[in-house]
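In what follows, a structure is listed as structure tokens, so that the remarks can point back to it.
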Amino acid sequence: MSVFLPSSGSYVNIMASSAGTEKALSLLRRLPRVGLSNLKPNPGAHRNKTRSRGMNGGKTHGAGSKGSGQRQNFMRLGYETGNNPFYLRFPCQNYYKGHHLKLSYIPVCMGKLQMLVDTNRLRTDIPVDLTQLVATGLFSVRPEEKEGGFMLEDDGMDHFQTRMNIEVQWASEAVIAAVERNGGTITTAYYDPIALGAACNPMAFFKRGVAIPKRMLPPQHLIDYYSDPKNRGYLADPDLVAKERFILAQKYGYELPDIKSSPDKDMLLERKDPRQIFYGLEPGWVVNMKDKVIVKPTDPVLKEFYAS
Amino acid sequence: MALSALSSARSLSRLLVKNGRYIHTTAPAASFKSSVSLEKIYPESGLDMTRNIQPPKNEGINFSGYIPVEQLQVSYSRSSGPGGQNVNKVNTKVDLRFHVETAEWLTQELKEKIAEKYKSSITSDGCLLIRSDKTRSQQLNLADALDKLRHMIHTAAYVPPLPSSEAVERQRRRHEAAVRERLRKKRDRSLVKQSRRGPESEF
């Protein structure tokens, strides 16, 4: 198996120390995940409680003396002999149900995007994604505050005249039309909190010296959004996206520009893999900014893991 | 390793750092494909979002829904109504027109139907005119105008289904029953009015 040694800056193979360790590791690989369904105590660890009888368990038979404990004791847990019990005093409010799962997105309107391009604050000759938008210095994304990234709003879409390849986390139909009518491409992509943190501040991430993680797939309530070609989701079928582009052009009344004949064709069609965080970098690589090297795993187990 | 700014070769991977310069790396990951890449999720797909979609054709009275936007004349002007500086300066009103007779994308039957049903929307020089200033946005107003046009063509092309022979028979029977009842009531009323008259004098 391989281990990363920071001193030499490479992955090194080491032999297993003993047969016992190997046996334990092989068990770990074979057996299913430990859970309540496959755990039981050692034999003899649990003794069933029986009511005390006879010579040394007699007289009160384990029921104590007098009171409701020794007598007919039927009161349920929480019962307060008739008054409104504590657990029923406060009604269940659903105002914040599931709030810890909901993400918020930073709004970027089309007018502002056009302004950034006009003032050369945002380059359009490379694909624009999360990292580029944060690098303008005008936006900050806080994954710890349950922010999911950027959403593109349609304010000022009439004045939008840029051909760009943009990747955001949410976009409305009018915004998609505004981008596509100018000959650009738009994709909506999901970044899990760790990937989001890495993408928003790549330099701080590389300084940590950890391998680039795999970007996780969206949670259940978001996977439909990102698999829908209407939203230009990154997990949608590109053939269906082509059809939706045609339909949207018909709906909004513009002639669909031909990307194939555009000079920026390669840039406009450049897409990240669903597991990639940065353009040009794979999961598993360690970027060393000090020595200006990229360190890649050699062990097949690690390679297989990062490609999965 | 030296920093090389603005490397233009497609094969080099790029990493944009905050100060705007690039780092040149060997063996780029442009072809990184994980187990959830689009090829794995959609193995039968061509994975081409730029493929040409053939627009559907109109056949006879059936309108396919496709409108070639390049053959319409779109003009913009300022909208009416309140709105201050925005409504005074921004061209959000959309005028959509096309000459019905010479439109190649409509069949002859459709043209006739449109000319008949929407003659009030057709100008003196034969252009069908559609206006929209519904929203604050030119783009959305254009979408609204196209929606109106599509709706107009669909309603013009709509041929209500002929009633079935049972329905026709039912209608005839009911009409005749109504007529019979009306005449019966008329006769009854007449008898009542006659009975209220006095006897006719002989002289």
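Is it the case, given these coordinates, that A:Ala307 is at the interface with chain B (Cβ under 8 Å from one of its Cβ atoms) and surrounded by 15 or more Cβ atoms within 10 Å (Cβ to Cβ)?
Criteria met by A:Ala307.
How many residues does the stretch A:228-270 contain that are among the basic types (Lys, Arg), facing chain B (nearest Cβ under 8 Å) and either touching a residue at least 60 places away in the same chain (Cβ under 8 Å) or closer than 30 Å to A:Pro213 by Cβ (or both)?
Summing the residues that are among the basic types (Lys, Arg), facing chain B (nearest Cβ under 8 Å) and either touching a residue at least 60 places away in the same chain (Cβ under 8 Å) or closer than 30 Å to A:Pro213 by Cβ (or both) in the stretch A:228-270 gives 2.
Kindly provide the set of residues from the stretch B:102-150 that are among the β-branched types (Val, Ile, Thr) and closer than 19 Å to B:Ser80 by Cα, ordered by number. Before the answer, list the steps.
Pass one, the stretch B:102-150, residues among the β-branched types (Val, Ile, Thr): B:102, B:107, B:114, B:122-123, B:130, B:135.
Scanning the stretch B:102-150 gives B:Ile130, B:Thr135.
Would you please list the contacts, defined by Cβ atoms under 7 Å and residues six or more apart or on different chains, that run from a residue in the stretch B:101-124 that is among the aliphatic types (A, V, I, L, M) to a residue that is part of a loop (DSSP other than H, G, I, E, B) and crowded, with 16+ Cβ neighbours inside 10 Å?
That search, which allows pairs on different chains as well, returns B:Leu106/B:Asn58; B:Leu110/B:Asn58; B:Leu110/B:Phe63; B:Ile114/B:Val100; B:Ala115/B:Val100; B:Ile122/B:Val100.
State the number of residues belonging to the stretch A:271-304 that are within 7 Å of another protein chain (Cβ to nearest Cβ), assigned to a loop (DSSP other than H, G, I, E, B) and free of Cβ contacts under 8 Å to residues at least 40 places away in the same chain.
Total meeting the criteria: 3.
If A:Phe4 satisfies all but one of (1) farther than 30 Å from A:Lys290 by Cβ; (2) surrounded by 10 or more Cβ atoms within 10 Å (Cβ to Cβ); (3) modelled with pLDDT under 85, what's the number of the condition it fails?
(1)
Within 14 Å of chain A (Cβ to nearest Cβ) and in a helix (DSSP H, G or I): does that describe B:Leu183? Can you show your working first?
Numbers: within 14 Å of chain A (Cβ to nearest Cβ): no; in a helix (DSSP H, G or I): yes.
No; evaluated as a whole, the condition is false for this residue.
How about the stretch B:1-117: which helices (runs of 4 or more DSSP H) wholly inside it have at least 2 residues that are modelled with pLDDT under 95?
On the way: elements: B:38-41, B:84-89, B:108-117.
The helices (runs of 4 or more DSSP H) meeting that bar are B:84-89, B:108-117.
How many of the residues in the stretch B:78-130 are of a type in the set (Lys, Arg), in contact with a strand residue (DSSP E or B) (Cβ under 7 Å, 6 or more places away or on another chain) and surrounded by 17 or more Cβ atoms within 10 Å (Cβ to Cβ)? Reasoning before the result, please.
Within the stretch B:78-130, the subset of a type in the set (Lys, Arg) is B:78, B:89, B:93, B:97, B:111, B:113, B:117, B:119.
From the residues that got through so far, the ones that are in contact with a strand residue (DSSP E or B) (Cβ under 7 Å, 6 or more places away or on another chain) too are B:78, B:93, B:97.
Retained after the next criterion (residues that are surrounded by 17 or more Cβ atoms within 10 Å (Cβ to Cβ)): B:93, B:97.
Final tally of qualifying residues: 2.
When A:Tyr190 is evaluated against the numbered criteria (1) at pLDDT 95 or above; (2) in a helix (DSSP H, G or I), which criterion, by number, is the only one it fails?
It fails just one condition, (2).
Considering only the stretch B:50-75, state which residues are exposed (fewer than 13 other Cβ atoms within 10 Å of the Cβ) and facing chain A (nearest Cβ under 7 Å).
B:Glu70
Kindly indicate whether A:Arg121 is among the charged types (D, E, K, R), closer than 30 Å to A:Leu268 by Cα and surrounded by 10 or more Cβ atoms within 10 Å (Cβ to Cβ).
Working: among the charged types (D, E, K, R): yes; closer than 30 Å to A:Leu268 by Cα: yes; surrounded by 10 or more Cβ atoms within 10 Å (Cβ to Cβ): yes.
When the stated conditions are applied, A:Arg121 passes them.
What are the residues in the stretch A:204-227 that are buried (at least 19 other Cβ atoms within 10 Å of the Cβ), without any contact (Cβ under 8 Å) to a residue 40 or more places away in the chain and touching a strand residue (DSSP E or B) at 6+ places or on another chain (Cβ under 8 Å), if any?
The one that is buried (at least 19 other Cβ atoms within 10 Å of the Cβ), without any contact (Cβ under 8 Å) to a residue 40 or more places away in the chain and touching a strand residue (DSSP E or B) at 6+ places or on another chain (Cβ under 8 Å): A:Tyr226.
Hey, which of the helices (runs of 4 or more DSSP H) in the stretch A:97-182, taking only ones fully inside, have at least 2 residues that are in contact (Cβ under 8 Å) with a residue 60 or more places away in the chain? Spell out the reasoning first.
Details: elements: A:110-118, A:130-135, A:173-181.
Result: A:130-135, A:173-181.
The values are calculated or read from the model by the stated rules, or taken from the named source; none is laboratory data. This is a predicted model, so every value here is computed, not measured. A quick note on method: Cβ atoms are made from the backbone with ideal geometry, for glycine too, and the neighbour counts reach across all protein chains shown.
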